[in-house]
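Colleague: Once you've had a glance at the structure underneath, I'll fire off some questions.
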Amino acid sequence: MPTIEVSYSDLCELIGKEIPIEKLKQHILFAKAEIDAVNGDLLKIDSKDTNRPDLWSAEGIARELRGRLTDDKGLPEYKIEKSNVIVKVDEKVSKFRPLTVCAVAKNLKMNKTSLSQLIQLQEKVSGTFGRGRNEVAIGVYDLSKIKSPITYTTAKLDKKFVPLDFEEELTIKEILEKHPKGKEFGHLVKGFKEIPIFIDSAGEVLSIPPIINSNHTGKVTEDTREVFIECSGFDFKFLMPALNVIAAALIDRGAKVESVKVVYGKKPIHTPDFTPKKTSVDVDFVNKVSGLNLSAKDVAKLLEQARYKTSVKGRKIELFYPAYRQDIMHQRDVVEDVIISYGYNKIEPEIISKKTKGRINDLEIFCEGIAKKMVKLGFQEILSYTLTNKDFLFNRMNLKEEKIVEIENPISVNWNVFRNWLLPSLMEFFSHNQHVNYPQKIFEIGDVILIDMKKETKTKDVRKVSAAIADSRISYSDLASLLDALLSNLHVNYELKKSKHPSFIDGRAVDVIMNNKRIGFIGEIHPIVLKNWKLEMPVVAFEINLDEL
């Protein structure tokens, strides 16, 4: 969780009233944070939410607290005019870091405190919300030293400029090798033959995102009165909120923020965009989840304190919320804001009226029995993660990509989707254990996540068992006899039907059929798949849907 430092006097000034420290420690819970330490005027604040970057600054905390402690409630309004600054996006960056959104802020009144908050917010948003500058890298520049139009393009490694806090001119290659930020974030551009770069019409380099700004344009001080802001990355769902967070903080300090025309080919966009986002919540759902008994008027009032604009329509409340928020994905997210405004400590705990006795789920008992049978057949059980990546599920298995359940804000590209079958996990295990003696006989019993639009979550969990054998001399018949032993022991009447599967050798794969329904498959892994996993030994495998047994 991000930890930030703010000035107590500055925070009170932004809120509009002086709040004693002990009371502030209670009120700051409204901003999903805690005061960890007080050192004179300096407050060390621990944020408890990684999805609310708008709360990672004195401006954001004050904005949230004003909704609860002052008459400044409801949706914050931000008026944006158009600037004359243009950013042209060269299609060359599409291969490296394809997107950027930008803004201009004028009439700044910088001091030591406000400057430190801007720098801190920039670093926290790009570091935490931006996944270590991978999804979002933010640059802030002295606009007075920049000549529009600005071009977002690429440059070769021998391009020279003076990086921030340096006096000597270096090539990009030297910056990646010598500059502290180059050493820290160089892995984000490792292998690039050309590096993304912002450069103005006078040929002045602004920065090489996501590494470092130039010392000329990228040095913002207390004397700076207008700035150019850019956020670069791969997805607008990260970039837009990040830019809006920075822009909103500057507006709260009295700055005038103007939009920038960002040109992608013939399709320009203007950013930032503070158009409020829309959602709704059912009052009955609020009461069901919270355990409270609130009226529609009560819910609306609590949500206005959380900076929503509300419109009551019977038992449903239509809502508008700020553009800098991207964490509202379900009614439950709105209910959380209702409860925060109401106060968790005000909710009276209730004694459970019904006593229940816990026991092991029938499915778990069934799976435990299967595991014991597999061990008796000479297999070793493995456990792997439900999260994986598309490369493992499709590319390495010689399959065409299909729609699966994905993580919206993944921490890593290696763990960004839920698996839809188990066999790739077994193949990965083999690839990491080629130093172990053969034959290797492994199995896994676990859940896969499939899309099901009939469910509330639009997904369903399916329990499967998959087994595989890797050895120098192995064939379909070796595993088929073991599968027969397993299914016969489970009293499953089944038949085998020849099929085609890209992961298996043609003519060496069959479907397992029960009651005229396909419940699984078995076959010899295709040489292409073995090569993709860098496996030298042949592999045979099966996978069975246990929910069908």
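Colleague: Could you please let me know if S431 is more than 30 Å from T128 (Cα to Cα) and of a type outside the set (A, V, I, L, M, F, W, C)?
Modeller: Numbers: more than 30 Å from T128 (Cα to Cα): yes; of a type outside the set (A, V, I, L, M, F, W, C): yes.
Yes; evaluated as a whole, the condition is true for this residue.
Colleague: Only residues that are closer than 19 Å to V448 by Cα and either part of a strand (DSSP E or B) or not assigned by TED's automatic domain parsing to the domain that holds R463 (or both): list them for region 366-409, please.
Modeller: Those that are closer than 19 Å to V448 by Cα and either part of a strand (DSSP E or B) or not assigned by TED's automatic domain parsing to the domain that holds R463 (or both): E381, L387, T388, E406.
Colleague: Consider I175 carefully, then state whether it is over 25 Å from N84 (Cα atoms) and either assigned to a strand (DSSP E or B) or touching a residue at least 60 places away in the same chain (Cβ under 8 Å) (or both).
Modeller: Details: over 25 Å from N84 (Cα atoms): yes; either assigned to a strand (DSSP E or B) or touching a residue at least 60 places away in the same chain (Cβ under 8 Å) (or both): no.
No, not satisfied.
Colleague: Which of the numbered conditions does E444 fail, given that it passes all the others? Conditions: (1) of a type in the set (D, E, K, R); (2) surrounded by 15 or more Cβ atoms within 10 Å (Cβ to Cβ); (3) in contact with a Phe, Trp or Tyr (Cβ under 7 Å, 6 or more places away or on another chain).
Modeller: Failed condition: (3).
Colleague: Let me ask another. Sort through D282, D298 and tell me the only one that's more than 24 Å from I246 (Cβ to Cβ), more than 30 Å from the chain's Cα centre (by Cα) and surrounded by 13 or more Cβ atoms within 10 Å (Cβ to Cβ). Working first, answer last.
Modeller: Numbers: D282 fails: more than 30 Å from the chain's Cα centre (by Cα).
Selected residue: D298, the only one of D282, D298 that is more than 24 Å from I246 (Cβ to Cβ), more than 30 Å from the chain's Cα centre (by Cα) and surrounded by 13 or more Cβ atoms within 10 Å (Cβ to Cβ).
Colleague: So in region 146-173, with the set limited to residues that are surrounded by 18 or more Cβ atoms within 10 Å (Cβ to Cβ) and over 32 Å from the mean Cα position of the chain (by Cα), which one is nearest to L250 (Cα to Cα)?
Modeller: Restricting to residues being surrounded by 18 or more Cβ atoms within 10 Å (Cβ to Cβ) and over 32 Å from the mean Cα position of the chain (by Cα), the top hit is I146.
Colleague: For a quick check of your reading: which strands (runs of 3 or more DSSP E) sit entirely within region 427-499 and have at least 3 residues that are among the hydrophobic types (A, V, I, L, M, F, W, C) and under 28 Å from the mean Cα position of the chain (by Cα)?
Modeller: Working: elements: 440-451, 459-470, 495-498.
Fully inside region 427-499 and qualifying: 440-451.
Colleague: Within the group F379, F394, F443, which residue is free of Cβ contacts under 8 Å to residues at least 60 places away in the same chain and among the aromatic types (F, W, Y)?
Modeller: Details: F379 fails: free of Cβ contacts under 8 Å to residues at least 60 places away in the same chain; F443 fails: free of Cβ contacts under 8 Å to residues at least 60 places away in the same chain.
Unique residue meeting the criteria: F394.
Colleague: Right, something else. Let me confirm something: among E5, E22, E59, E13, which residue is touching a residue at least 60 places away in the same chain (Cβ under 8 Å) and part of a helix (DSSP H, G or I)? Give the steps one after another, and end with the answer.
Modeller: Working: E5 fails: part of a helix (DSSP H, G or I); E22 fails: touching a residue at least 60 places away in the same chain (Cβ under 8 Å); E13 fails: touching a residue at least 60 places away in the same chain (Cβ under 8 Å).
Being touching a residue at least 60 places away in the same chain (Cβ under 8 Å) and part of a helix (DSSP H, G or I) holds for just one of E5, E22, E59, E13, which is E59.
Colleague: Just give me the residues in region 342-360 being of a type outside the set (V, I, T) and either in contact with a helix residue (DSSP H, G or I) (Cβ under 7 Å, 6 or more places away or on another chain) or in a loop (DSSP other than H, G, I, E, B) (or both), in sequence order. Let's see the steps before the verdict.
Modeller: Taking region 342-360 and keeping what is of a type outside the set (V, I, T), we get 342-346, 348-350, 353-355, 357-359.
Selection gives Y342, G343, E348, P349, E350, S353, K354, K355, K357, G358, R359.
Colleague: Quick one: what pairs do we get from region 137-149, first residue within 18 Å of L108 (Cα to Cα), second in a strand (DSSP E or B) and of a type outside the set (A, V, I, L, M, F, W, C), C-beta under 6 Å, 6+ apart or different chains?
Modeller: That search, which allows pairs on different chains as well, returns G139/S207; G139/N213; G139/E230; I146/D200.
Colleague: From the list V283, V338, which one is of a type outside the set (G, A, S), farther than 24 Å from A31 by Cβ and out of contact with any Gly (no Cβ under 7 Å at 6 or more places or on another chain)? Show your work before the answer.
Modeller: Values: V338 fails: farther than 24 Å from A31 by Cβ.
Just one listed residue meets the conditions, V283.
The values are calculated or read from the model by the stated rules, or taken from the named source; none is laboratory data. A quick note: this is a predicted structure, and the numbers were derived from the prediction, not measured. All Cβ positions, glycine included, derive from the backbone under ideal geometry; neighbour counts span all protein chains shown.
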